[in-house]
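The values are calculated or read from the model by the stated rules, or taken from the named source; none is laboratory data. All values reported here derive from a predicted model rather than from experimental measurement. When we count neighbours, we look across all protein chains shown, and the Cβ atoms used for this are built from the backbone with ideal geometry, even at glycine. Please note that ligands, DNA and RNA were not included when accessible areas were found on the heavy atoms of the full protein model with its side chains. Shrake-Rupley method; radii C 1.70, N 1.55, O 1.52, S 1.80 Å.
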Amino acid sequence: AQTVTQSQPEMSVQEAETVTLSCTYDTSESDYYLFWYKQPPSRQMILVIRQEAYKQQNATENRFSVNFQKAAKSFSLKISDSQLGDAAMYFCAYRGEETSGSRLTFGEGTQLTVNP
Amino acid sequence: KAGVTQTPRYLIKTRGQQVTLSCSPISGHRSVSWYQQTPGQGLQFLFEYFSETQRNKGNFPGRFSGRQFSNSRSEMNVSTLELGDSALYLCASSLRGQPNTGELFFGEGSRLTVL
């Protein structure tokens with residue numbers, strides 16, 4: 001079974017600074033997707049960034065980028081120029097290509113605080 | 001384009017009762033999946049429906065069930081409620097069998113409290 005681990009329950013960052021959230025996963029599949037989702041107090045999960053395992057290039061979305069290390073099964077999220085609106089719970093998630101459908105396996109989450 | 005809509009947003013039930021939660025996916029999305037979120041267990045997959053058929057099921061007891069209608073709207077039902085069923089229930093919709101980005105779009109959830 002696939003597992004996703006986020007070892008940092010809480011992180012904090014100063015506004016405008018950079019922070020990195022860690023995620024490791026375990027799988028025997030060769031094709032899969034990895035995601036970072038953000039859940040603000042409003043509760044709605046919002047996709048931040050996705051990475052296809054077959055792509056060697058790290059995904060980037062504006063101030064958000066990932067460091068995807070397939071051999072190490074590591075998928076960290078870097079937030080640059082942190083903003084107050086980035087404060088939220090961040091979840092790393094895995095979806096196997098071979099496992100059918102839309103089943104995501106989530107990590108435990110990292111609560112990010114942004115200090116003004 | 002309207003997002004994923006879940007109703008009701010909040011509800012309170014007592015032990016032994018049953019509850020039905022509803023989810024309307026994004027127009028054109030035929031896959032609907034359900035997740036339970038609790039402080040202790042985190043986010044756990046309940047089940048997925050596609051074209052009115054359950055395609056995938058998580059490790060939950062038979063008290064948890066669901067269905068999907070021909071318009072892709074989905075409902076989940078929990079019977080004989082227990083205190084531990086108190087949770088945020090999230091619904092997500094996605095395109096399936098497409099050039100698949102794998103992305104799920106989530107609703108705001110239904111907060112169930114069992115007393």
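Quick check on my filter: what residues within segment A:90-116 are over 18 Å from B:S33 (Cβ atoms), open to solvent by 50 Å² or more (accessible area, probe 1.4 Å) and touching a Gly at 6+ places or on another chain (Cβ under 9 Å)?
Within segment A:90-116, just A:E108 meets the criteria.
Looking at A:L112, A:L84, which one is at pLDDT 95 or above and in contact with a helix residue (DSSP H, G or I) (Cβ under 7 Å, 6 or more places away or on another chain)? Break it down into steps so the answer makes sense when it comes.
On the way: A:L84 fails: in contact with a helix residue (DSSP H, G or I) (Cβ under 7 Å, 6 or more places away or on another chain).
Checking each option against the conditions leaves just A:L112.
Restricting to segment A:56-66, count the residues that are surrounded by fewer than 16 Cβ atoms within 10 Å (Cβ to Cβ) and more than 22 Å from A:E15 (Cβ to Cβ). Spell out the reasoning first.
So the first thing to find is which residues in segment A:56-66 are surrounded by fewer than 16 Cβ atoms within 10 Å (Cβ to Cβ), and the list is A:56-58, A:60-63.
Going one step further and asking which of them are more than 22 Å from A:E15 (Cβ to Cβ), we end up with A:56-58.
Residues meeting the conditions: 3.
Starting from segment A:37-57, take each residue that is more than 8 Å from chain B (Cβ to nearest Cβ) and list its partners that are open to solvent by 60 Å² or more (accessible area, probe 1.4 Å) and in a strand (DSSP E or B), counting only C-beta distances under 6 angstrom and pairs at least six apart or across chains.
Cβ pairs passing all conditions: A:K38/A:I46; A:I49/A:E61.
Against the definition (of a type in the set (G, A, S), at pLDDT 95 or above and within 23 Å of B:P61 (Cα to Cα)), how does B:G42 come out, yes or no?
On the way: of a type in the set (G, A, S): yes; at pLDDT 95 or above: no; within 23 Å of B:P61 (Cα to Cα): yes.
No: the conditions fail for B:G42.
Is it the case, given these coordinates, that B:E108 is part of a loop (DSSP other than H, G, I, E, B), open to solvent by 10 Å² or more (accessible area, probe 1.4 Å) and free of Cβ contacts under 8 Å to residues at least 24 places away in the same chain? Break it down stepwise before answering.
Working: part of a loop (DSSP other than H, G, I, E, B): yes; open to solvent by 10 Å² or more (accessible area, probe 1.4 Å): yes; free of Cβ contacts under 8 Å to residues at least 24 places away in the same chain: no.
Taking the combined requirement at face value, the residue does not satisfy it.
For the condition on the phi > 0 side of the Ramachandran plot and surrounded by 15 or more Cβ atoms within 10 Å (Cβ to Cβ), what is the one hit in B:G16, B:G42, B:G58, B:G28?
Values: B:G16 fails: surrounded by 15 or more Cβ atoms within 10 Å (Cβ to Cβ); B:G58 fails: on the phi > 0 side of the Ramachandran plot; B:G28 fails: surrounded by 15 or more Cβ atoms within 10 Å (Cβ to Cβ).
None of the others qualify; the one that does is B:G42.
Among the residues that make up segment A:36-55, is at least one of them open to solvent by less than 20 Å² (accessible area, probe 1.4 Å) and small (G, A, S)?
Yes.
Wholly within segment A:62-112, which strands (runs of 3 or more DSSP E) include no fewer than the required count, namely at least 1 residues that are more than 14 Å from every other protein chain (Cβ to nearest Cβ) and under 17 Å from A:M45 (Cα atoms)?
Numbers: elements: A:64-69, A:74-79, A:88-96.
By residue number, A:64-69, A:74-79.
What are the pairs, 6+ residues apart or on separate chains, where a residue within segment B:48-64 that is more than 8 Å from every other protein chain (Cβ to nearest Cβ) has its Cβ under 7 Å from a residue that is open to solvent by less than 70 Å² (accessible area, probe 1.4 Å) and among the β-branched types (V, I, T)?
Matching pairs, first to second residue: B:Y49/B:V32; B:R63/B:V78; B:F64/B:V78.
If you check A:E29 against the conditions, is it open to solvent by less than 80 Å² (accessible area, probe 1.4 Å) and without any contact (Cβ under 8 Å) to a residue 24 or more places away in the chain?
Values: open to solvent by less than 80 Å² (accessible area, probe 1.4 Å): yes; without any contact (Cβ under 8 Å) to a residue 24 or more places away in the chain: no.
In short, no.
Could you look through segment A:1-45, keep only residues that are in contact with a helix residue (DSSP H, G or I) (Cβ under 9 Å, 6 or more places away or on another chain) and of a type in the set (A, V, I, L, M), and pick out the one that is farthest from A:F106 (Cα to Cα)?
That would be A:V13.
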